[in-house]
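Asks: Before anything else, here's the structure in question.
The values are calculated or read from the model by the stated rules, or taken from the named source; none is laboratory data. Here the structure is a predicted model, which is why all the values come from computation and not from measurement. Cβ coordinates were reconstructed from backbone atoms using ideal geometry, including for glycine residues, and neighbour counts include every protein chain displayed. Note: accessible area is taken over every heavy atom of the protein model, side chains too, but ligands, DNA and RNA are not part of it. Shrake-Rupley method; radii C 1.70, N 1.55, O 1.52, S 1.80 Å.
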Amino acid sequence: MSSPGENAAALFAAEHGGPPEGVWSAPGRVNLIGEHTDYNAGCVFPFALPHRTAVAGRRRSDGLLSVTSRGSDGTPHRAGSFPISELVPGEPSGWAGYPAGVAWVLRQEGFEPPGADLVVSGDVPSGAGLSSSAALECATALALLDTVDRPVDGTSAPPLEEVARWTCRAENEFVGAPTGLLDQTASLRCEAAHALFYDVRSGRSRQVPFDTSAAGLEVLVVDTRVRHSHSESGYGDRRRGCERAAELLGVSALREVGTDDLDDALGRIPEPLRPLVRHVVTENDRVWATLDRLLHGAWVEVGALLTASHRSLRDDYRVSCPELDLAVDVALREGALGARMTGGGFGGSAIALVPVAERPRIERALFEEFERRGRTVPRLLSAVPSAGAGREHP
Ligand code: GLA
């Protein structure tokens, strides 16, 4: 089977009558823990998936950005050609909005992309809460930075933190999804065999060895196939609720409320905002606890933290859905050390920390339970911590 990079290069040659100047790719991610903390200036703990989106690119000199993607049957989907200097947020919409948004941001940041032909191919499941959009944005950013002579593997490379902010701006301001920095940071900065502990407020990060197999464990991803979209209201409502609570509490972000201050804080805000604050404050605390437990190889406790995170997202933040709860409950019942929804929620995927030996049984139980309840059969993936974005070398 060909890789996304090989597919993108082959389709590029067929579409544009010659090889691309380069191929860049970026992974999807799962977030181990630290959900809905990023836009509250808290901590997150993602790792990159082996699933990637690749962009084959070649510069052009007429200021046009042409984007084509490879459909699952291998045929090209031509989204069109757009004059970069005339791009305005929201147009094009659909998947081409992500690469166009990145070109738009780079211009806003003072770069002058000369134009480019881009061909996209990938295997990150879309709408599954695994950051397929961030993978596309990040791979595009790397391709376009090359056209302005700031290749990310060169000496004049912009810092990846900066590229994460640019690609996040593309999603917020061009596509119109009010998301935080988690996904792009993960896609750009994660390393193979590690999870990335990232403190959004301070910008500090730490690559933490994440070797489940040495402990006889693995992270199973359960894509419930319930599709979510972050431009829809639920995500934005939660975010605005957090911002309002921070304002009422006189802090710049909920990150500043510690667990010791939680009861006092809850007493000072109206009832509907309390569960939101409770989730964010306790979740942030769980991210630190997970870091500590992981460094001690205390996997059982890591599992318990994941499950506590799910309960908080389900009961307090209310971003789960019946299928995610079912995936978590079945995995736990069948012997997972912990399980939780991952990503923004309202559908998408759950993760479960499972003993390798139990995996076949857990998988069978998941298929059976979903079928018994008349739900679409989930897709199961192995989440092996993989490399972040970069140039593909043939
Ligand atoms: C989505 C967003 C992220 C983050 C998560 C929830 O994945 O894109 O910025 O807020 O939801 O943790």
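Asks: Between rounded, prolate and oblate, where does the range 1-125 land on the alpha carbon gyration tensor, with a ≥ b ≥ c its root eigenvalues, rounded for a/c under 1.5, else prolate if a/b exceeds b/c?
Replies: Since a/c reaches 1.5 but b/c is at least a/b, the shape of the range 1-125 is classed as oblate.
Asks: Right, something else. With just the Cα atoms defining each centre, how far is the range 139-188 from the range 299-322? Give it in Å.
Replies: Spelled out, the Cα-based centre of one part sits 30 Å from the other.
Asks: In Å and on Cα atoms, what radius of gyration and Dmax does the range 245-394 show?
Replies: 18.0, 59
Asks: Then there is this: As a test question: what accessible area, to the nearest 10 Å², does VAL280 have when a 1.4 Å probe is rolled over all protein chains in place?
Replies: Accessible area, nearest 10 Å²: 10 Å².
Asks: Taking the 0 to 90 degree range and rounding to the nearest ten, how far is the long axis of helix 233-249 tilted relative to the main principal axis of the chain, both from C-alpha atoms?
Replies: Long axis of 233-249 versus the principal axis of the chain: about 60 degrees.
Asks: Next question, about the same structure. If the chain between GLU247 and GLU6 were fully stretched, how many nm would it gain, using 0.36 nm times the residue separation less the Cα-Cα distance?
Replies: Gain in length upon complete extension: 81.8 nm.
Asks: I'd like the distance between the alpha-carbon centres of the range 214-228 and the range 340-358, rounded to an integer number of Å.
Replies: 4 Å
Asks: Starting from the Cα-Cα distance between ASP261 and ASP62, subtract it from 0.36 nm times their residue separation and give me the gain in nm to one decimal.
Replies: The ASP261-ASP62 span can extend by a further 65.9 nm.
Asks: Further, regarding this structure: Please compute the volume of the convex hull spanned by the alpha-carbon atoms of the range 131-225 and report it per residue in Å³.
Replies: Working: hull volume 12.7 nm³, N = 95.
Dividing the Cα hull volume of the range 131-225 by its residue count gives 134 Å³.
Asks: Pick out which of ARG107, ARG59, ARG204 has the largest mean-square fluctuation in a Gaussian network model of the chain, springs linking Cα atoms closer than 10 Å.
Replies: ARG204
Asks: On to the next question. Please identify the chymotrypsin sites (Phe, Trp or Tyr not before Pro) of the range 20-68 that satisfy two criteria: DSSP loop assignment and at most 11 other Cβ atoms within 10 Å. Which are they?
Replies: On the way: sites: TRP24, TYR39, PHE47; in loops: none.
Listed in order of number, the matching sites amount to none.
Asks: Another question, if that's okay. Treating the angle as unsigned and between 0 and 90°, give the value, to the nearest 10°, between the Cα long axis of helix 160-169 and the longest Cα principal axis of the chain.
Replies: 90 degrees
Asks: Using only the Cα atoms of the chain, construct the convex hull and provide its projected area averaged over every direction, in square nanometres to one decimal. Intermediate values should be presented prior to the final figure.
Replies: On the way: hull surface 77.2 nm².
With every direction weighted equally, the projected area is 19.3 nm².
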